[in-house]
Amino acid sequence: MSVTTNTSNGYNLPTGVTDLARDMYGLHMEVFWICVGIAVVVFGAMIYTLVKFRHSQGAVADTGMLHSTKVEIIWTIVPVIILVVMAVPAAELILKQEDTRNSQLSIRVTGYQWKWEYAYMDAAEGVDFFSTLARDSNFARQLDSGIDPNTVPNYLLEVDHPLVIPSGTKVRLLLTSQDVIHAWWVPDFGAKRAAIPGFVNELWFKVDPGKEGIYRGQCAALCGRDHGFMPIVVDVRTPDDFKKWVDAQKAAVKQAALPAPAAPAPAAAAPPPTAFALPN
Ligand SMILES: [Cu+2]
């Protein structure tokens, strides 16, 4: 398996490898700097007044300024402007996130305690598999396993069968669950959505061409005892490599469906066993 390509530096949101992830990062930073600006102004004014007008310097409380219409108008209008400045791009981004139209590949994703199932649609219809925690992580996590987790590459972040997707393609996930609420989350795609029994949620992403590689995520809804042991691994390939992978998967499915060669003749049909003895 190739190198992990997660883009987080461990301190901030990952800058990501999709349009949506970059937009989210940009919005996050925009709001962050607005908050920094507000903090500087508010705490600056507070600290200045505390120091400048302190009692020991002979300051006397100004009992004359109990009401100021001008000040009240300013401190209503300014926050409203700030909120609108943040709300407009936020609403635009939410609409973009929800726009799953014109997707080129749909995949049904079902959460189970504690694994994921990926069932491809469209051109890859018929490819369907489970993705569970990798064996070496699973061994190491057992109580008294004697295995140092630090020696296990990508401990608890590796699966047996990663989700394989093509780059430069609008991929739509249809998320649901078979038991409890799970959540499919891959930070580098800016993708996170709940998988709820009885509901189908949508999610889309389009990984930039040239950003092929392995991306990792986790279930993001506390879903029971082994919640921490159902990671997500996405293997992004070029469209050509993806097509080859799909063809290989389909061939394997066909092979498995063939009747076993030279099976021995079945024994004479025995009467089916009765489940209950009927009284005479
Ligand atoms: Cu889960």
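If you take the residues of the stretch 182-229 that are under 9 Å from the mean Cα position of the chain (by Cα) and of a type in the set (Phe, Trp, Tyr), which of them is farthest from the ligand (Cβ to nearest atom)?
Going through the qualifying residues, I end up with Phe189.
(1) more than 16 Å from the ligand (Cβ to nearest atom); (2) at pLDDT 95 or above; (3) of a type in the set (Lys, Arg): which one isn't true of Lys254, the others all being true?
(2)
Leu83 is checked against (1) aliphatic (A, V, I, L, M); (2) within 16 Å of the ligand (Cβ to nearest atom); (3) closer than 26 Å to Val36 by Cβ and fails just one. What number does that condition carry?
So the condition that Leu83 fails would be (2).
Which residues, counting only those in the stretch 143-163, are of a type outside the set (Asp, Glu) and assigned to a loop (DSSP other than H, G, I, E, B)? Break it down stepwise before answering.
Of all residues in the stretch 143-163, those of a type outside the set (Asp, Glu) come to 143, 145-147, 149-157, 159, 161-163.
Residues satisfying the conditions are Leu143, Ser145, Gly146, Ile147, Val152, Pro153, Asn154, Tyr155, Leu156, Leu157, His161, Pro162.
Being assigned to a loop (DSSP other than H, G, I, E, B), buried (at least 17 other Cβ atoms within 10 Å of the Cβ), at negative phi and out of contact with any helix residue (DSSP H, G or I) (no Cβ under 6 Å at 6 or more places or on another chain) is the requirement here; does Leu173 meet it? Outline the logic, then answer.
On the way: assigned to a loop (DSSP other than H, G, I, E, B): no; buried (at least 17 other Cβ atoms within 10 Å of the Cβ): yes; at negative phi: yes; out of contact with any helix residue (DSSP H, G or I) (no Cβ under 6 Å at 6 or more places or on another chain): yes.
Spelling it out, it is not the case that Leu173 is assigned to a loop (DSSP other than H, G, I, E, B), buried (at least 17 other Cβ atoms within 10 Å of the Cβ), at negative phi and out of contact with any helix residue (DSSP H, G or I) (no Cβ under 6 Å at 6 or more places or on another chain).
Please work out if Val234 is within 15 Å of the ligand (Cβ to nearest atom) and under 16 Å from the mean Cα position of the chain (by Cα). Steps first, please.
Details: within 15 Å of the ligand (Cβ to nearest atom): no; under 16 Å from the mean Cα position of the chain (by Cα): yes.
For Val234, the condition - within 15 Å of the ligand (Cβ to nearest atom) and under 16 Å from the mean Cα position of the chain (by Cα) - is not met.
Here is a check on your reading of the model: is Ser131 within 13 Å of the ligand (Cβ to nearest atom), among the polar types (S, T, N, Q) and surrounded by 15 or more Cβ atoms within 10 Å (Cβ to Cβ)? I'd like the intermediate steps shown before the answer.
Values: within 13 Å of the ligand (Cβ to nearest atom): yes; among the polar types (S, T, N, Q): yes; surrounded by 15 or more Cβ atoms within 10 Å (Cβ to Cβ): yes.
Yes: the conditions hold for Ser131.
So, of the residues in the stretch 97-114 that are within 16 Å of the ligand (Cβ to nearest atom) and not in a strand (DSSP E or B), which turns out to be surrounded by the most Cβ atoms within 10 Å (Cβ to Cβ)? Before you say what the answer is, go through the steps one by one.
Let us first name the residues in the stretch 97-114 that are within 16 Å of the ligand (Cβ to nearest atom), namely 109-114.
Going one step further and asking which of them are not in a strand (DSSP E or B), we end up with 113-114.
Details: Gln113: 16, Trp114: 20.
Restricting to residues being within 16 Å of the ligand (Cβ to nearest atom) and not in a strand (DSSP E or B), the top hit is Trp114.
Here is a list: Met24, Met29. Which entry is closer than 30 Å to Gly224 by Cα, away from the ligand (no atom under 16 Å from the Cβ) and either in a helix (DSSP H, G or I) or touching a helix residue (DSSP H, G or I) at 6+ places or on another chain (Cβ under 6 Å) (or both)?
Values: Met29 fails: closer than 30 Å to Gly224 by Cα.
None of the other options fit; the residue is Met24.
Across the stretch 140-176, what is the total count of residues that are among the polar types (S, T, N, Q) and touching a residue at least 40 places away in the same chain (Cβ under 8 Å)? Even if it seems obvious, please write down each step before you answer.
Step one: filter the stretch 140-176 for residues among the polar types (S, T, N, Q), giving 142, 145, 150-151, 154, 167, 169, 176.
Filter again for touching a residue at least 40 places away in the same chain (Cβ under 8 Å), leaving 154, 167, 169, 176.
So the answer is 4.
Taking the stretch 203-260 on its own, how many of its residues are touching a helix residue (DSSP H, G or I) at 6+ places or on another chain (Cβ under 8 Å), over 17 Å from Asp122 (Cα atoms) and assigned to a helix (DSSP H, G or I)?
Matching residues across the stretch 203-260 total 1.
The values are calculated or read from the model by the stated rules, or taken from the named source; none is laboratory data. Worth saying up front: this structure is predicted, and the values here are computed from it rather than measured. Because the Cβ atoms are built from the backbone with ideal geometry, glycine has one as well, and the counts that use them run over all protein chains shown.
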